[in-house]
Each structure stands twice: as structure tokens, then as C-alpha cells.
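The values are calculated or read from the model by the stated rules, or taken from the named source; none is laboratory data. This is a predicted model, so every value here is computed, not measured. The area values use the complete protein model at the heavy-atom level, side chains included, leaving out ligands, DNA and RNA. Shrake-Rupley method; radii C 1.70, N 1.55, O 1.52, S 1.80 Å.
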Amino acid sequence: MAKASAAEPNMMKAKADKSKPEKAQKSKPSKPSKPSIFARLTQYLRDVRSEMKRVVWPDRPEVINSSIVVVVTLLFFVVFTFVVDTIVVQALELLSNLG
């Protein structure tokens, strides 16, 4: 019986050693190889060129009209902000003079 008890720890150790590599192999999925940075950059630039060919560019009158709308909207909000700021400053000065 002494032989059996001495052999059991060795068998347990052998089983433990076998299970570790199997788990390690199962947990590491194989990754597909990634293209090099230059190949990815080249593909990106090709895609950009392809998309730029599909863009519908505005004509001159449309650009001028859009620019006018942007400037008028900007001026409106500048004046609106100035008026609101002036009213708030006057109201705060009136309240500080009461105290």
C-alpha cells in the first residue's frame, strides 16, 4: 500500500500538468493576421477618394445663399446677447443700489 500512496501524488501532479496546457490552448483564440499599417493607410485613402467622387458639391449661388443665412443668424444672436446682457446688468445694478 505504501507504493500506491506514493504513486498517487505523482499521478495527481501529472493530471494537473496536463490540464493547464489544455486550458491555455482553449482560451487563446487564433487571431487573423492584421494587414500592415501601410496597407491599411492605402485602403483608407482609396476609400476616401471613392467617397469624394460621390459628393454632390454645391454651386456658387447656393454657397452664397448659405453664407448670407449664416451671417444674418450670427448678427441676430450677437444683438440678442447684447440686449439680454445689458438688461441683466441694469437689473443687477438696480438691485445692488437698493441695499
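Here the gap between Phe38 and Val69, fully extended at 0.36 nm per residue and compared with their Cα-Cα distance, gives a gain of 6.9 nm. To the nearest Å, what is the center-to-center distance of the stretch 44-68 and the stretch 70-99, using C-alpha atoms only? What the calculation gives is 39 Å, centre to centre. The 3J(HN,Hα) values that the Karplus relation (6.51, -1.76, 1.60; θ = phi - 60°) gives for the stretch 47-55 are, in residue order, 5, 4, 4, 5, 5, 5, 6, 8, 5 Hz. Gly and Pro appear as x. Share of carbon and sulfur in the accessible area of the stretch 38-99 stands at 71%, probe radius 1.4 Å.
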